[in-house]
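A short write-up of the structure that comes next.
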Amino acid sequence: MRRKWVGGNWKMNGSRAMTSSLAGAIVEARINGVEVALFPPFPYLREACAACAGSRIGVGGQDLSEHESGAFTGEVSAAMLRDVGCTLVLAGHSERRQYHKETDQQVASKVSQALEHGLTPVLCVGETLDERDAGHTAAVVSRQLDEVVSCCGIEAFARIVIAYEPVWAIGTGRCASAEQAQEVHALLRSQLARDDARIAGSTRIVYGGSVKPGNAAELFAQPDIDGGLIGGAALQATDFLSICAAAG
Ligand code: PEP
């Protein structure tokens, strides 16, 4: 039985005060039966870690460098994230792939860095609308997953959370139907199972893309959907908590 997982990706939103109060409200709700993680912007990680200290809520970065350290101005390493108290990190979010031209190889290197430094990588995969319309969804997500399997090995998936996030559903209000999401989740799981059925059975594969309190329960009831990565609805404690409740 896989434990459900819900993450809140705050993207480039918030302030120190908002981080402390939103993370504080989530901690105070004492969510049970579901693993919860918050991904605030880099400058607010310390506030989030302080608010979540002593709770079971994890804090993670929204991105990390594929490099260990050195002359990479503006980048943040896995070791730095660990140093400020993070236990997780997003890798390959579609906004990074789209606006920063991150390649599958770079994303795989980021996952590898995260693992090397003891962070749980949340590997984001997903197709654009053009790719879906052209019937390429399976090929795109398989390619994105395969690069990480080749780079990090199948055993690494005992420590990786996969987030299926169709690009056309992120921030658009257009959520994938439960059937559409389940179909891709099952495909990702069967791809892992070709290498190791036991690991495939235990890897959390969560859905992201316009998840709201009103659609979370139906999505999370699907056999291969193990929770969600939440953007817009993670910025309101009541919405985020009701999504967590739907997963619990
Ligand atoms: C995201 O940013 O990962 C996301 C899923 O956003 P939203 O929930 O707003 O679609």
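The numbers here are math on the coordinates, done by the rules we state, and not lab data. Treat the numbers as computed from the prediction; the structure is a model and nothing was measured. Here the Cβ positions follow ideal geometry from the backbone for every residue, glycine too, while neighbour counts run over all protein chains shown.
Among S112, S21, S77, which one shows the highest mean-square fluctuation when the chain is modelled as a Gaussian network with alpha-carbon springs under 10 Å?
S21
Read phi for every residue in the range 135-148 and hand back ³J(HN,Hα) as whole Hz from Karplus 6.51 cos²θ - 1.76 cosθ + 1.60, θ = phi - 60°, with x for Gly and Pro.
Coupling constants for the range 135-148: x, 9, 3, 4, 5, 5, 5, 5, 5, 5, 6, 4, 4, 6 Hz.
Can you list the HN-Hα couplings for the range 79-86, worked out from phi with the Karplus curve (6.51, -1.76, 1.60; θ = phi - 60°), rounded to whole Hz and with x for Gly and Pro?
These are the phi-based 3J(HN,Hα) values: 4, 5, 4, 4, 4, 8, x, 6 Hz.
Would you pull out the residues with amide H under 5 Å of G208's amide H, same chain only if 5 or more places away, H placed 1.01 Å from N?
Under 5 Å from the amide H of G208: Y164, E165, L229.
Taking the DSSP beta bridges in the chain as the whole, what percent of them are antiparallel, to the nearest 5?
Values: 0 of 26 bridges.
The answer is about 0 percent antiparallel.
So for the range 110-199, averaging the separation of alpha carbon pairs under 8 Å that are six or more residues apart and normalising by length, what relative contact order in percent results? Walk me through the numbers before you get to the answer.
Values: 83 pairs, mean separation 30.9, N = 90.
Once normalised by length, the contact order is 34 percent.
Would you please give the residues with an amide H less than 5 Å from that of V36, counting only those at least 5 places away or on a separate chain, with H modeled from the backbone geometry?
Excluding prolines and chain starts, which carry no amide H, the hits are V6, G58.
In nm, what is the difference between 0.36 nm times the number of residues separating N32 and S177 and their Cα-Cα distance?
Working: separation 145, 0.36 × 145 = 52.20 nm, distance 2.66 nm.
Gain on extension, N32 to S177, equals 49.5 nm.
Kindly put F72, F39 in sequence by how many other C-beta atoms sit within 10 Å of each C-beta, fewest to most. Mind dumping the intermediate values first?
Working: F72 12, F39 27.
With the sparsest Cβ surroundings first, the list reads F72, F39.
Using θ = phi - 60° and the Karplus curve 6.51 cos²θ - 1.76 cosθ + 1.60, what whole-Hz ³J(HN,Hα) does each residue of the range 56-68 get, with Gly and Pro shown as x?
Calculated HN-Hα couplings, in order: 9, 8, x, 10, x, x, 8, 6, 7, 6, 7, 9, 6 Hz.
Tell me, what is the percent relative contact order of the chain, built from C-alpha pairs under 8 Å that lie six or more residues apart? Show your work: numbers first, answer last.
Numbers: 500 pairs, mean separation 52.3, N = 248.
Rounded, it is 21 percent for the chain.
Per-residue ellipticity at 222 nm for the chain, helices alone: DSSP H runs ≥ 4 residues times -39500 (n - 2.57), over residue total, nearest 500 deg cm²/dmol? Mind dumping the intermediate values first?
Details: 11 runs with 110 residues, N = 248.
Only helices count here, giving -13000 deg cm²/dmol.
List the residues, sorted by chain then number, that are 5 or more residues from S55 or on another chain and whose placed amide H is less than 5 Å from its amide H.
Those qualifying (amide H under 5 Å, at least 5 residues apart or on another chain) number zero.
Given Cα pairs under 8 Å that are at least 6 residues apart, what percent is the relative contact order of the range 25-76? All intermediate terms of the calculation are to be shown ahead of the outcome.
Working: 44 pairs, mean separation 18.0, N = 52.
Answer for the range 25-76 is 35 percent.
Would you mind computing, in nm to one decimal, how far apart the modelled labels at H67 and S21 are, each placed 7 Å from Cα along Cα→Cβ?
Distance between the two pseudo-spin positions: 3.9 nm.
For the range 1-53 and the range 98-165, what is the centre-to-centre distance using only Cα atoms, to the nearest Å?
The range 1-53 and the range 98-165 have Cα centres separated by 23 Å.
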